[in-house]
Every structure is written in structure tokens, then in C-alpha cells.
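The values are calculated or read from the model by the stated rules, or taken from the named source; none is laboratory data. Computed from a predicted model, the values in this text were never measured in an experiment. Here the Cβ positions follow ideal geometry from the backbone for every residue, glycine too, while neighbour counts run over all protein chains shown. SASA here: full protein model, heavy atoms, side chains in, ligands and nucleic acids out. Shrake-Rupley method; radii C 1.70, N 1.55, O 1.52, S 1.80 Å.
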Amino acid sequence: MLQGKEILLGVTGGIAAYKSVLLLRELTKYGANVNVIMTKSATEFVGSLTFQTLSGNPVTTDIFTLFASSEIGHVSLASRADLLVIAPATANIIGKIANGIADDFLTTMVMATRVPVLFAPAMNTNMWASRVVQRNISDLKEMDYNFMEPAEGELACGVVGRGKLADIDAIMDEIKALLSPNDLQGEKILISAGPTEEAIDPARCLTNRSSGKMGYNLAAVARRRGAEVILVAGPCAELENWGIKVINCKTALEMADAIDQNLDGVTSVIMAAAVADFRPAEQAAEKIKRDGNYCLELEPNPDILAGLGKRPDKPFLVGFAAETNKLFDHAQGKIKRKNLDMIVANDVTAPGAGFSVDTNIICIIDRDGQMTDFPLMSKENVAGVILDHMLKLKKKRRLLA
Ligand code: CTP
């Protein structure tokens, strides 16, 4: 998504200026070309050479050096860019821009550009809460400027409160959102993620190796593309989920219930969760002691997806099929049995595919048996192609209707 994008990174004078070095690293890691603009006071915190070396581009600090060059620098940079992000954004820069002051390169650039502008503010808690800063922000939001909410925590000045620069991953997520098409606007997508966990006794459980990464990536990418997202997640490591309603659950029965309770207005359900097919018939109240052989009796869990497929108001249904053999046959059988619109199948034994890794190799099978293969991709890109395919099928259906 960031490959080949032109990003302008404005750095202003606050202690969090060192964190924008990390933001620059992330942006270039994903293939963006970054031009950094520093205000004079930002250079008091971090040297421009650091940004120059890491971006591979000259850093602009002085408006007059650019006026001396053959092209009017701020206009050419501003027109080439895809996005301008100001991180950290001080109360001062926010105030200047909100009031139309353009007295240095960064403020001139903001005024000259037509691309989306994202502010990631960082300042003292009282400054952040001050009425004048909040008024300036609300004026800028009204003018379609975008803002990250600063994080809470211990600030460099020792105060605890809101005002820390937002998490770099959260800023990256918002940058990706601003660069994404809004093609899922109007969709309300419920996504399930992770494993389920069925208690045997207070100390032990039945679960599986699902990390939840596929479902979380689907949720993040769908949100960036404008969908309203509800994520129903089984127990998995806390993954980033900015702007997404997350409902946590443990057992398959809890997951079925959470999905059932949240179907109102849902246009599509993507079941990426690895739901346990069975649960212990009885859950021991006390820890089971070692005492010779032990036989665990299991009873079946409901098939959540098949249940959704039977509903008269069935939303568009996407299933997953994690297989170890006869991929196509098993996956196609599941489409029919569960009344799905499409299924995402993968061979979990293939290197780079399946549980716990950050990549996957999938094929997508439609109701009519058409199969599309995809190469090894990051789970973020896999999420993108699944959502693309879903949109394509929905459009086709609308055309045929
Ligand atoms: N699924 C579900 N409820 C279950 C089991 C599975 O909703 N109790 C969903 C999964 O989230 C997935 C799809 O059904 O989207 C296929 O899951 P999978 O475990 O591959 O299939 P099963 O139907 O359980 O078949 P089997 O385990 O025999 O392969």
C-alpha cells in the first residue's frame, strides 16, 4: 500500500521529535519515498542529518534556500505528494495553521497542498486540554484536516495524562487508511478471529494454534477502506485494533452468542476464527488429579457459520477452510454444506501458510466452483485480496439482480 507513495513528513519542535525518526523508518520500510520538513525548533531536538540519512532525501528546514533553487520547492513537493503527516505536531504549529499563518516552509507547504494532511499532536496535558488548542483542532477538523488522538501516559515533563505522541503503529494505520480507497463505505462487516478455548477444569483447556492475526488484519484493512467493523475475538494476544469495536469471548458457545447479538445491520460476516468443533461434555469444578487413565468425553459445538447460512436474512458469508489435504474438495464441500458465498482455503502444512506466521498462501473458491490462487503474501495483503474478491462478487451479484 505504501510502495511508491510520496509522503511529506513534517517535524515540529517537541521532545517527541525523536519518535518521528521511527515513523520515518516504518514509512520507508514499506516502500514510501519520504521528504522531511523540519521547523527551526525541531532541529533543536533532532539533527536534520538523521532524517536526511534515513530518508535518502535532503531535509528542508529553511524556506529561503528553496526559493533560491530553480523550482519553487514547496509547490513542487506539495503537488507531488500523496499525503502530508505532521508528527509531532505542537500546539504552536496547530495554532498557526488554524489561523492561516504561513511563515516557514512547513506552514507554507500545508497551505499549498491539496493532499490529505494528518496531524499527530504531542504536548503537555494542560496544553492539550486548553480551550484554545481544542478550538483550533475543531476548526481544522471542520476544514477536513485529520487528527490522531494523543496517547495517555507519563509525559517527558513528568506529568501523567493525555498528550503523548500516538503510537507509531497507530499513526501508520491512519496513514494507510488515508491512502486507502473508501470502497467499503456503507458495509458493516462482522469478523471473527482467533481460537476458542473450552475449559476441561479450572487449570486446563482445549484450544488450537490460531494466532488471530488473519482476522485482525481483515478487521484493520476493512476499517481503513471505510467499513464499519465488529471484531469478535477468541483468546489471542492483544493485537492493534484502532477504531474497531472488539468483543472478546472464550468458548465457541460464547462466540456464537456474541455473533448472534451483533448481527443487526451486518452486510457481511467473515469467519476467520478457528472454532473448536468439540467441548468437554463436563467441566470439572476442581483440578483433575492424575489417577491412572483418564478419558475425556467431548460433545459437539454448534457450527456457527452453518447456522448463519440457514438464516433467511443471511448476510454475505465468507468462510475459511484450513486443510491438510484435498484442499479444493474439502473447501468446496464446506461452501455447499454451510451455504457460503465464498471460502478462503489454505493448506496449513505449506511453509509460510497457516497459524502463527505473518504470511499466508490462499486460494479463494466461489459458490460456482471458480478457484483463484494467490502467491505467498503478508496477512495484511491477504486481507486486501479477500476484501477485493468479496466486493467483486457483491458487485457482480448486484449487476445480475
Ligand atoms: N466454523 C464455525 N463453527 C464451527 C466450526 C467452524 O463457524 N464450530 C467455521 C470456521 O470459522 C471456518 C469454517 O467454519 O470459517 C470452516 O471451519 P473448519 O474448521 O475448516 O471446518 P469444519 O466445518 O469444522 O470441518 P472440519 O473440521 O471437519 O474440516
Beta bridge orientation in the chain: antiparallel %, DSSP, nearest 5: 30 percent
- prompt: Given labels modelled 7 Å from the Cα in the Cβ direction, how far is it in nm from N182 to K314?
  reply: 3.3 nm
- prompt: Roughly speaking, to the nearest percent, how much of the chain's 1.4 Å accessible area is carbon and sulfur?
  reply: 50 percent
- prompt: Based on the Cα coordinates of the chain, what is the per residue volume of their convex hull in Å³?
  reply: 195 Å³
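When only DSSP loop residues count, what trypsin sites (Lys or Arg not before Pro) in the range 198-295 have their Cβ near at most 11 other Cβ atoms within 10 Å? Each step should come with its number before you reach the end.
Values: sites: R204, R209, K213, R223, R224, R225, K245, K250, K287, K289, R290; in loops: R209, R225, K250, K287, K289, R290.
Answer by residue number: R209, K287, K289, R290.
Gain in length, A129 to T53, computed as 0.36 nm per residue apart minus the alpha-carbon separation, to one decimal in nm?
Values: separation 76, 0.36 × 76 = 27.36 nm, distance 3.59 nm.
My answer for the length gained is 23.8 nm.
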message: Just to confirm, what accessible area per residue do you get for the chain at 1.4 Å probe, in whole Å²?
response: 49 Å²
query: Amide H of F147: which non-local residues (sequence gap of 5 or more, or other chain) have their own amide H closer than 5 Å, using H built in the peptide plane?
result: F119
query: Which far-off residues, 5 or more places away or on another chain, put their amide H under 5 Å from the one on I247, with H placed in the peptide plane?
result: L231, V232, A233
query: Against the longest principal axis of the chain, how steep is helix 213-224, in degrees 0 to 90 to the nearest 10, with axes from Cα atoms?
result: 50 degrees
- request: Measure nothing but the geometry: give the 0 to 90° angle between the long axis through the Cα atoms of 379-400 and the longest principal axis through the Cα atoms of the chain, rounded to 10°.
  value: 70 degrees
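Calculated FRET efficiency, D62 and N325, Cβ-Cβ r, R0 56 Å, to nearest 0.05?
Numbers: r = 65 Å, r/R0 = 1.16.
Result of the calculation: an efficiency of 0.30.
What FRET efficiency would be calculated for the residue pair A203, D277, taking the C-beta separation as r and a Förster radius of 22 Å, to the nearest 0.05? Write down the numbers at each step before the final one.
Working: r = 23 Å, r/R0 = 1.02.
Once the sixth-power term is evaluated, E becomes 0.45.
For the chain, give the magnitude of the charge dipole about the Cα centre (Cβ charges: +1 Lys/Arg, -1 Asp/Glu; no others), in debye to the nearest 20. Display every interim value, and only then the final one.
Values: 43 positive and 48 negative charges, 140 e Å.
In debye, rounded to 20, the chain gives about 680.
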- prompt: Once every DSSP H run of n ≥ 4 in the chain is given -39500 (n - 2.57) and the sum is divided by its residues, what mean residue ellipticity at 222 nm do you get, rounded to the nearest 500 deg cm²/dmol?
  reply: -10500 deg cm²/dmol
- request: For helix 327-338, report the angle its Cα long axis makes with the longest principal axis of the Cα atoms of the chain; keep it between 0 and 90° and round to the nearest 10°.
  value: 80 degrees
task: Check the range 6-178 and count each lysine pair with an alpha-carbon distance under 20 angstrom, considering only pairs eight or more places apart or from different chains.
output: 9
query: Assuming R0 = 35 Å, what is the FRET efficiency of K245 and N293, from their Cβ-Cβ distance, to the nearest 0.05?
result: 0.15
message: Could you tell me the relative contact order of the chain? Use alpha-carbon pairs under 8 Å, at least six residues apart, and round to a whole percent.
response: 10 percent
Distant-in-sequence amide H partners of T359 (H built 1.01 Å from N, under 5 Å): K379
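What is the sum of charges around M127, taking Lys and Arg as +1, Asp and Glu as -1, for the other residues whose C-beta is under 14 Å from the C-beta of M127?
Local charge sum for M127: +4.
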message: Could you work out how much longer the chain between T372 and A284 gets when fully extended? Use 0.36 nm per residue separation minus the Cα distance between them, nm to one decimal.
response: 27.1 nm
- prompt: Measuring from centroid to centroid over Cα atoms, what is the spacing of the range 336-401 and the range 159-196 in Å?
  reply: 22 Å
